[in-house]
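Reading through the structure tokens given below for one structure.
Coordinate-derived values only; no laboratory data. Here the structure is a predicted model, which is why all the values come from computation and not from measurement. Here Cβ is always computed from backbone atoms with ideal geometry, including for glycine, and neighbour counts include all displayed protein chains.
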Amino acid sequence: MAAKKILMLVGDFVEDYEAMVPFQILVMVGHEVHTVCPGKQAGDTVKTAIHDFEGDQTYTEKPGHRFAVTTTFDEVDPARYDALVIPGGRAPEYIRLNQRVLDIVRHFAAEAKPIASVCHGQQILVAAGVLEGRHCTAYPAVKPDIVRAGGTWVEVNETFSNAHVDGNLVTGPAWPAHPEWMRAFLKVLGSTIEP
């Protein structure tokens, strides 16, 4: 397997598991992952939030950890990366307001490079206008946005333990889907995984 250079978009109150676990998985199998946040430099951190599913009508939120930003946002050249990861949480709702974030996402979509997005991360895909004619899933509350953006909603099961692949686009509904979401993304990346 050839190691890939992967860009991860984060921001304050990114979902803790949706940033840390994919980062660790991708590094563990030999890929290089650069984390970036608008307005932040290499060496800064973002605060994370833990979203939990405890039987309420929606997720609950708890304080998470500090997550390291490894690369200065203003220095990112998306052409130098092989793939993109977009975690969920509350960060997507505000970093999607940054035009450069949207341009970066559009680069990966236009070049058909692998994109893994989970939970509320798909809000960034919607804002970038890259879901027209695409099939994906997300946290259920994001369904109206996906449909309105011209995407086709893929229904999730009750345990949020599935993922969906549409060509280069790998989406998952929330962090409980990590095993399937990351397995699918690694396959799209060409990584070898033992069953």
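Being surrounded by 19 or more Cβ atoms within 10 Å (Cβ to Cβ) and either without any contact (Cβ under 8 Å) to a residue 60 or more places away in the chain or among the basic types (Lys, Arg) (or both) is the filter here, so list the residues in the range 170-181 that pass it.
170, 171, 172, 173, 177 - these are the residues of the range 170-181 that are surrounded by 19 or more Cβ atoms within 10 Å (Cβ to Cβ) and either without any contact (Cβ under 8 Å) to a residue 60 or more places away in the chain or among the basic types (Lys, Arg) (or both).
Just the residues that are farther than 23 Å from residue 2 by Cα and of a type in the set (S, T, N, Q), please, taken from the range 20-53.
41, 45, 48
Can you tell which of 121, 133, 190, 151 is of a type in the set (Gly, Ala, Ser), surrounded by 23 or more Cβ atoms within 10 Å (Cβ to Cβ) and farther than 17 Å from residue 21 by Cα? Break it down stepwise before answering.
Details: 121 fails: farther than 17 Å from residue 21 by Cα; 133 fails: surrounded by 23 or more Cβ atoms within 10 Å (Cβ to Cβ); 190 fails: surrounded by 23 or more Cβ atoms within 10 Å (Cβ to Cβ).
Among 121, 133, 190, 151, only 151 is of a type in the set (Gly, Ala, Ser), surrounded by 23 or more Cβ atoms within 10 Å (Cβ to Cβ) and farther than 17 Å from residue 21 by Cα.
Among the candidates 184, 127, single out the residue that is closer than 21 Å to residue 8 by Cβ, touching a strand residue (DSSP E or B) at 6+ places or on another chain (Cβ under 7 Å), of a type outside the set (S, T, N, Q) and surrounded by fewer than 24 Cβ atoms within 10 Å (Cβ to Cβ).
On the way: 127 fails: touching a strand residue (DSSP E or B) at 6+ places or on another chain (Cβ under 7 Å).
Unique residue meeting the criteria: 184.
Taking the range 38-72 as the search range and keeping residues that are within 18 Å of residue 104 (Cα to Cα) and in contact with a strand residue (DSSP E or B) (Cβ under 6 Å, 6 or more places away or on another chain), which one is surrounded by the most Cβ atoms within 10 Å (Cβ to Cβ)?
Looking at the filtered set, the residue picked out is 69.
Go through the range 1-37 and give me each residue that's of a type in the set (Gly, Ala, Ser) and surrounded by 17 or more Cβ atoms within 10 Å (Cβ to Cβ).
Matches in the range 1-37: 11, 19.
Would you say residue 177 is out of contact with any Leu (no Cβ under 7 Å at 6 or more places or on another chain), in a loop (DSSP other than H, G, I, E, B) and not polar (S, T, N, Q)?
no
State which residue pairs qualify: first residue under 17 Å from residue 180 (Cβ atoms) and without any contact (Cβ under 8 Å) to a residue 40 or more places away in the chain and inside the range 125-141, second residue part of a strand (DSSP E or B) and among the acidic types (Asp, Glu) in any location, beta carbons under 9 Å apart, and separation of 6 or more residues or different chains.
These pairs meet every condition: 135/166; 136/166.
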